[in-house]
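Note sheet for the following structure.
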Amino acid sequence: MLVSAALTALAMAVPQVAAHGGVLAYSIAGTYYGGFKAYNTATGQVSIQREWDTYNPITDPTSSVLSCNTNGASLGSGQQSATVAAGSSVTAYWNTWPHTIGPVLVYMANCGGSCSSASTSSLNWFKIDQAGLISGNLVNGTWGMGELVANNNSWTSTIPSSLAAGNYIIRHELLAIHTSNQPQFYPECAQLVLTGGGSGSPSGSYLVKFPGAYKMSDPGVGIDIYSQESTTNYTIPGPAKWSG
Ligand SMILES: *[C@@H]1O[C@H](CO)[C@@H](O)[C@H](O)[C@H]1NC(C)=O
Ligand SMILES: *[C@@H]1O[C@H](CO)[C@@H](O)[C@H](O)[C@H]1NC(C)=O
Ligand SMILES: *[C@@H]1O[C@H](CO)[C@@H](O)[C@H](O)[C@H]1NC(C)=O
Ligand SMILES: [Cu+2]
């Protein structure tokens with residue numbers, strides 16, 4: 001309890017912008033793409049990323065903006081998409097990330113047409129990558145998020161090589177769980193035009209909606225790690241990963 005109280009106090013003492021954050025840029029199949037600039041007007045911005053307006057976390061697992069953050073909108077004429085072949089790697093770069101406890105989750109969704117006109121809350125999302133508790137216990141162990149911080153605040157995933165060509169949104173999400181019973185979700189989205197690939201598409205049991213996929217009573221969401229610090233397993237929320 002002492003630890004969590006201290007962390008909470010620390011989080012409140014430092015400026016919000018420094019305490020949290022999100023995906024600032026991508027490298028996709030070797031090409032660099034700058035992200036949306038939060039805290040700036042969307043007017044005139046050009047990016048493959050959807051709009052997101054705050055470095056603060058979403059703390060409600062059923063929030064209406066859980067899919068692509070506040071406000072998740074298309075950039076209109078400035079909205080771009082990265083064209084990339086299935087099987088390629090996608091690296092997301094965060095700001096200097098302050099949290100090391102919690103999982104990293106990466107999802108995609110087929111827009112079934114234009115992504116720029118898609119409502120991200122209506123899409124069927126599937127998970128292509130995840131990393132939870134890698135070793136050790138819930139409090140002192142190594143987490144996916146800790147590896148992200150150790151790796152230049154970045155995370156690299158591979159798009160399943162059998163995934164059918166089409167228009168997709170990729171959603172990177174960090175779930176920080178260092179505060180007892182108060183999850184912090186940090187999702188950001190970007191648009192992809194997927195080429196190559198096969199005929200693969202995940203079946204129903206792999207598909208979820210945001211909001212819808214998570215609830216506070218999930219073992220990995222509304223969790224107090226300090227009350228069970230010697231636990232060495234962690235249940236990553238959401239569906240099973242689809243590998244193609
Ligand atoms: C570290 O991340 C920054 C973006 O935040 C990127 O520009 C730089 O190339 C990365 N460094 C390495 C060694 O990958
Ligand atoms: C976690 O690390 C602290 C500091 O090293 C130690 O006092 C504590 O016993 C450790 N807790 C567990 C459950 O390993
Ligand atoms: C650890 O595993 C047990 C048994 O499967 C499960 O009940 C519990 O919720 C898991 N703990 C976490 C933190 O996911
Ligand atoms: Cu934070």
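The values are calculated or read from the model by the stated rules, or taken from the named source; none is laboratory data. Computed from a predicted structure; not experimentally measured. FYI the Cβ positions are ideal-geometry reconstructions off the backbone, even for glycines, and counts take in every protein chain you see. Accessible surface is based on the protein model in full, side chains and every heavy atom, while ligands, DNA and RNA are left aside. Shrake-Rupley method; radii C 1.70, N 1.55, O 1.52, S 1.80 Å.
Here are a few things to note about the model shown:
- If the condition is being within 11 Å of Arg50 (Cβ to Cβ) and of a type in the set (S, T, N, Q), then segment 67-79 contributes Ser67, Asn69, Thr70, Asn71, Ser74, Gln79.
- Whichever residue in segment 106-138 is assigned to a strand (DSSP E or B) and within 16 Å of ligand 3 (Cβ to nearest atom) and, among such residues, is least open to solvent (accessible area, probe 1.4 Å): Ala131
- Here Glu147 passes the criteria (1) under 28 Å from Asn71 (Cβ atoms); (2) open to solvent by 10 Å² or more (accessible area, probe 1.4 Å) except the one numbered (1).
- Residues satisfying the stated conditions in segment 183-221, i.e. within 16 Å of ligand 3 (Cβ to nearest atom) and open to solvent by 30 Å² or more (accessible area, probe 1.4 Å): Lys215, Met216, Ser217, Pro219
- Selection from segment 212-230 of residues that are out of contact with any helix residue (DSSP H, G or I) (no Cβ under 8 Å at 6 or more places or on another chain), more than 25 Å from Ser64 (Cβ to Cβ) and hydroxyl-bearing (Ser, Thr, Tyr): Ser227, Ser230
- Residues of segment 45-68 satisfying the condition of being touching a Gly at 6+ places or on another chain (Cβ under 7 Å) and assigned to a loop (DSSP other than H, G, I, E, B): Gln45, Val46, Arg50, Glu51, Tyr55, Val65
- So Val65, is it without any contact (Cβ under 8 Å) to a residue 60 or more places away in the chain and hydrophobic (A, V, I, L, M, F, W, C): yes
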